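Notes to accompany the following structure.
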Amino acid sequence: LLYRKAIDAYIYKNKDMRAFDLSEDEWDALERVAFWLRCFREATTMMSTTKDSQLGNTHTVYRGLQDHLKEALVSLPANAPISLRTGLVEAHRKLSDYLHIIDDSPYYL
């Protein structure tokens, strides 16, 4: 993560902050989440930075995000916090809900 060293240094210098020191497992979890979120940022950027309509690409983008979430879920280590696993499953379900809406809409081809 971009600011890990700065955060660690700040916590080290401020004794009253040491209770908030992140463990290696917590940093690993943050790195995983940051990686997953990059894909969503890329999808958002792609869908919003063009002057052409992106309705036709919506299904493909959502499927790609779902595939990314599936891969992330499979690659989670056994000792990963349950909240990470739950978050990935819920995000996948939400995308599935949106895909059903798209499938039922006459505006998406």
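Each reported figure results from applying straightforward, stated rules to the coordinates on display, with no laboratory input. Computed from a prediction, not measured in an experiment: that's the story for all the values here. As a convention, Cβ positions derive from the backbone with ideal geometry for all residues, glycine included, and neighbour counts pool all protein chains shown.
What whole-number distance in Å separates the alpha-carbon centres of segment 60-79 and segment 1-29? Cα centres, segment 60-79 to segment 1-29: 28 Å. Listed by chain and number, the lysines placed with their C-alpha closer than 17 angstrom to that of LYS70 are LYS94; residues fewer than eight positions away on the same chain are left out.
As a proxy for reagent exposure, ranking LYS70, LYS51 by other Cβ atoms within 10 Å from fewest up yields LYS51, LYS70.
Ignoring aspartates and glutamates fewer than eight residues from LYS13 along the same chain, the ones with Cα atoms less than 12 angstrom from its Cα are ASP21.
Net charge of the neighbourhood of HIS100, taken over other residues with C-beta under 15 Å away and scored Lys/Arg +1, Asp/Glu -1, is 0.
Which value in Å does the Kirkwood hydrodynamic radius of the chain take, with 1/r averaged over all unlike C-alpha pairs and then inverted? Provide the component values of the computation, followed by the final result.
Details: mean 1/r = 0.0610 Å⁻¹.
Its Kirkwood hydrodynamic radius stands at 16.4 Å.
Could you tell me which helices of the chain pass both thresholds, a Cα extent of 18 Å or more along their own axis and a mean Kyte-Doolittle hydropathy of at least -0.5, with helices taken as whole DSSP H runs? Present the calculation step by step, with values, prior to reporting the outcome.
Values: long enough: 24-48 (36 Å, -0.38); 58-75 (26 Å, -0.42); 82-104 (33 Å, -0.11).
Length and hydropathy pass: 24-48, 58-75, 82-104.
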